[in-house]
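Engineer: Please find one structure pasted underneath; my questions will follow.
The values are calculated or read from the model by the stated rules, or taken from the named source; none is laboratory data. All values derive from a computational prediction rather than experimental measurement. Here the Cβ is made from the backbone with ideal geometry for all residues, glycine too, and neighbour counts use every protein chain on show. With ligands, DNA and RNA removed, areas are computed over all heavy atoms of the protein, side chains included. Shrake-Rupley method; radii C 1.70, N 1.55, O 1.52, S 1.80 Å.
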Amino acid sequence: MKRRTVIGMTVASAVLIATFAVRAQQPSAPHTATDVGTLDKESAAQGFPAKPSYSPYVGRNFPTRPLFGDTHLHTSISVDAGAFGCRLGPKDAYRLARGEEITASSGQQVKLSRPLDFLVVADHSDLMGLFPMIFRGDPTVVATEKGRKWYDQIQGGKGAEAAVDIITSFGAGTIPREIMPMPGTPVFRSVWQELIDAAEGANDPGRFTAFIGYEWTSVTEGNNLHRNVIFRDNADKASRVEPYTTQKPLGSDNPRDLWKWMTAYEEKTGGNVLAIAHNGNLSNGRMFPIIESFTGKPVDREYVEERAKWERLYEATQIKGDGETHPVLSPNDEFANFERWDKGNLDGTVAKKPDMLEFEYVRSALKNGLKLEKELGTNPYKFGLVGSTDAHTALAAVEEDNFFGKTTASEPSPGRTMHPFIKTDQVTIMGWEQTSSGYAAVWAAENTRTSIWDAMQRRETYATTGPRMVVRFFGGFDFDAKDAQNRMPAQVGYSKGVPMGGDLTNPPAGKVPTFLVAALKDPIGANLDRYQIVKGWLDASGSVHEKVYDVAWSGDRKPGADGKLPSVGNTVDVPSATWSNTIGAPELIAVWKDPDFDPTQRAFYYGRVIEIPTPRWTAYDAKRFGIKLPPEVTMTTTERAYTSPIWYSPAK
């Protein structure tokens, strides 16, 4: 028997629904029996709940865990990495980052303690792919006198001599142009496509993110002005361009021209790209200028606006030293003397002078940014913080007990600590001075290119020297002490304030900035010593200031008369390269109110989390290789994390 339908339902169904509706309106009907049970008022109300869901996670739309990765790793495609012995390519780099065990270029097996969540293979755009061409004896290369010389040296067991000559020749601009991979040449396009294909092959949305990227390597007069360029996009857009280089006439060593290239990329493709500078400590005062080195004039409105737009992050810590601050700049900060590389510029040709330091480090740049904002209307140094490795081994391995060095020559061996890493007439940096650091932590909702890149763009990131501690930092005007007792601090943080990387302004009458801070130790790492807030501000006279506040700490320690918190202690046994978590705390959480707030003064605040002392990589080397290192070698470390700042601006 056929049933007639009434707007998508059978007549019988329509009658049944109408009956339910009528009966539901009749107060005398206490309940209604159906084939799924008895429908009464109480049961029906459960279908239309007026209260929030029982599950506290329903509708939650904020990041719930940090993703850890490396935004700065080199493979054999980079000419300096290849010249110093790296034979691993981008695919190998992604395999290790995803958790596989691989064979390093030195022949040793290597594996990370835990997989990373994301990786950027950022090979140098200048001479991209040249060393593999030399190594395999490409006909174009061996047809030139220098190319044949380098190939013969490598084949004859004199690879080190070839490596030094290649790097020196590049710095001097004497590499034959006919063998230089340049934009527009088939070899350059081929290598760029190889990098893109490797990233596309490794990218696994939801599980692992492989970004497309490269490093633009300005090194004018030996001074480091490098930037890593990271695409939000997939191959369809990234493959429509070729990386920007420093070699004229197609390239430039001036950051302004890189920003123009980035602008052109976005206009051409509709895509998105950002740049991350690093190693201001090797720029000899040129990384964060007030007087621009390329013109000798004060930075202008165009400079501050373009830099603020394109450089949303800065790499604050890596193998070539830590870049947060320096004892000369922060004499009252007992944690400022950390992993210093402060002897000269990148190639060691010019020694460091004290007056250069102000324009090289994160904290002083953040302070000078406040001055420039007041003068020019935009803060060019309003950046978030990340750490990364800058390893030239294809190995993102920078845990203290698993440190595979800057180059293949500094992969684990008995002699790597005492072999000079840089040695010139002006500068000597020993192998033991390499810093086993760092990683980028990103608060992203999903492990995808778009989600992680967007978190970088909004600066919701922090830098870590290696440990995967979980760090929260929220600012607002309404946090109170009981918020630190909430077991879901992020829910409170996002609802009452802004996260790291955010902005505060227009304080309600009588209120001052308050900050909710929280940190959890790395599950397989050391306990935490303290959580500090670093504040910088600009006073009415135009002078900048800084102060470090201890906000949360382990144990029952009390600040002394000088306001300093006593040391947490030290459990490190250097000969056995061990420590114990009998001091410190696994978790720190607190609410802090700025006791020195002036609503008329521009300011920034960022969090710094310090671990208890642990063995440095040099202690692990001494133990494993049975070597005795001289007294000047640092054997312990205090690992740390730096959050992106939160900025306060007076109401206009």
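Engineer: What is the local net charge at Glu460, summed over the other residues whose Cβ is closer than 12 Å to its Cβ (Lys, Arg +1; Asp, Glu -1)?
Structural biologist: Net local charge, Glu460 excluded: +3.
Engineer: So, one more: Skipping prolines and chain starts, which residues have an amide H placed within reach, meaning under 5 Å, of the one on Asp573, given they are 5 or more residues away or on another chain?
Structural biologist: Hits under the 5 Å cutoff: Thr578, Trp579.
Engineer: What GluC sites (Glu not before Pro) in the range 544-652 are in a loop by DSSP, with at most 13 other Cβ atoms within 10 Å of the Cβ?
Structural biologist: Loop-located and lightly packed - Glu632.
Engineer: Also, I was wondering about something else. For the range 572-618, take every pair of Cα atoms, bin their distances at 5 Å starting from 0, and report each bin as a whole percent.
Structural biologist: Each 5 Å bin holds this share of Cα pairs: 4, 13, 18, 15, 12, 11, 10, 9, 6, 3, 1.
Engineer: Also: Enumerate the calculated ³J(HN,Hα) couplings along the range 561-578 in order (Karplus 6.51 cos²θ - 1.76 cosθ + 1.60, θ = phi - 60°), each rounded to whole Hz, writing x wherever the residue is Gly or Pro.
Structural biologist: My calculation for the range 561-578 gives 4, 7, x, 8, 7, x, 4, 6, x, 8, 10, 5, 9, 4, x, 9, 6, 9 Hz in order.
Engineer: In whole Hz, with x marking every Gly and Pro, tabulate ³J(HN,Hα) for the range 499-516 from phi via Karplus 6.51 cos²θ - 1.76 cosθ + 1.60, θ = phi - 60°.
Structural biologist: x, 3, x, x, 10, 10, 7, 6, x, x, 3, x, 10, 10, x, 10, 10, 9
Engineer: Would you work out the charge dipole size for the range 85-157 about its Cα centre, treating the Cβ of every Lys and Arg as +1 and the Cβ of every Asp and Glu as -1, and quote it to the nearest 20 debye?
Structural biologist: Charge dipole, the range 85-157, about its Cα centre: 140 debye, nearest 20.
Engineer: Still on this structure: With point charges of +1 on the Cβ of Lys and Arg and -1 on the Cβ of Asp and Glu, referenced to the Cα centre of the chain, which listed residue (Val572, Ser125, Leu520) lies farthest in the positive direction of the dipole?
Structural biologist: Farthest towards the positive end: Leu520.
Engineer: Compactness ratio of the range 543-589: Cα Rg over 2.2 N^0.38 Å, N = residue count?
Structural biologist: 1.54
Engineer: Treating only the Cβ of Lys, Arg, Asp and Glu as charged (+1, +1, -1, -1), what charge dipole size does the chain show about its Cα centre? Round to the nearest 20 debye.
Structural biologist: I would put it at about 1600 debye.
Engineer: Using Cα-only point scatterers and the Debye equation, what is log10 of I(q)/I(0) for the range 408-529 at each q in 0.16, 0.20 Å⁻¹, rounded to two decimals?
Structural biologist: Taken in order of the listed q values, log10 I(q)/I(0) reads -0.90, -1.15.
Engineer: Quick one: net charge of Arg207's neighbours, Cβ under 9 Å, K/R +1, D/E -1?
Structural biologist: Value of the local net charge: -1.
Engineer: For the chain, what is the calculated [θ] at 222 nm in deg cm²/dmol (nearest 500), taking -39500 (n - 2.57) for each run of four or more DSSP H residues and dividing by its residue count?
Structural biologist: -7000 deg cm²/dmol
Engineer: Would you mind checking which residues have amide H under 5 Å from Met182's amide H? H placed 1.01 Å from N; only 5 or more apart, or other chain.
Structural biologist: Under 5 Å from the amide H of Met182: Phe188.
Engineer: Right, another one. Suppose we keep just the DSSP beta bridges with both residues in the chain; what percent of those would be antiparallel, to 5?
Structural biologist: Working: 80 of 98 bridges.
Beta bridges within the chain, antiparallel portion: roughly 80 percent.
Engineer: Restricting to DSSP loop positions (anything but H, G, I, E, B) with no more than 12 other Cβ atoms inside 10 Å of their own Cβ, which trypsin sites (Lys or Arg not before Pro) remain in the range 473-580? Show your work: numbers first, answer last.
Structural biologist: Details: sites: Lys482, Arg487, Lys496, Lys511, Lys521, Arg530, Lys535, Lys547, Arg557, Lys564; in loops: Arg487, Lys511, Lys521, Arg557, Lys564.
Sites meeting the loop and neighbour criteria: Arg487, Lys564.
Engineer: Let me spell out the model: positive unit charges on the Cβ of Lys and Arg, negative unit charges on the Cβ of Asp and Glu, origin at the Cα centre of the range 407-550. What dipole size does that give, in debye rounded to 20? Numbers along the way, then the final one.
Structural biologist: On the way: 15 positive and 15 negative charges, 53 e Å.
The dipole of the range 407-550 has a size of about 260 debye.
Engineer: Stick to Cα atoms and the Kirkwood definition of Rh, then tell me Rg/Rh for the range 336-407.
Structural biologist: 1.07
Engineer: Separate question: Across the range 423-438, in residue order, what do the Karplus-derived ³J(HN,Hα) couplings come to in whole Hz, using 6.51 cos²θ - 1.76 cosθ + 1.60 with θ = phi - 60° and x for Gly and Pro?
Structural biologist: Those phi angles translate into 9, 10, 5, 9, 9, 10, 10, 7, x, 5, 7, 4, 9, 7, 7, x Hz.
Engineer: Hey, can you grab everything whose amide H is under 5 Å from the amide H of Gly405? Only 5+ residues off in sequence or another chain; H modelled, so Pro and N-termini drop out.
Structural biologist: Amide H to amide H, under 5 Å and 5 or more residues apart or across chains, Gly405 pairs with nothing.
Engineer: Then there is this: So, with a 1.4 angstrom probe, what is the percent of accessible area on the chain that is carbon and sulfur?
Structural biologist: After summing per-atom areas, the C and S share lands at 54 percent.
Engineer: Got a sec? Charge dipole of the range 325-429, +1 on Cβ for Lys and Arg, -1 for Asp and Glu; which of Ala336, Thr325, Leu372 is way out at the positive end?
Structural biologist: Result: Leu372, furthest along the dipole toward the positive end.
Engineer: May I ask for the net charge around Leu385, where only other residues with Cβ less than 14 Å from the Cβ of Leu385 are counted and Lys, Arg are +1 while Asp, Glu are -1?
Structural biologist: Net charge around Leu385: +2.
Engineer: Let me ask another. If each of Asp300 and Lys652 carries a label point 7 Å out from its Cα toward its Cβ, how far apart are those two points in nm?
Structural biologist: If labels sit at Asp300 and Lys652, their model points lie 2.2 nm apart.
Engineer: Mind checking the range 348-449 for GluC sites (Glu not before Pro) that DSSP puts in a loop (not H, G, I, E or B) and that have at most 15 other Cβ atoms within 10 Å?
Structural biologist: Working: sites: Glu358, Glu360, Glu373, Glu375, Glu399, Glu400, Glu433, Glu446; in loops: Glu360, Glu400, Glu446.
Counting only loop positions with at most 15 other Cβ atoms within 10 Å, the GluC sites (Glu not before Pro) in the range 348-449 are Glu446.
Engineer: Could you sort Ile422, Ile166 by accessible area so the largest value comes first, with the probe set to 1.4 Å?
Structural biologist: Greatest to least solvent exposure: Ile422, Ile166.
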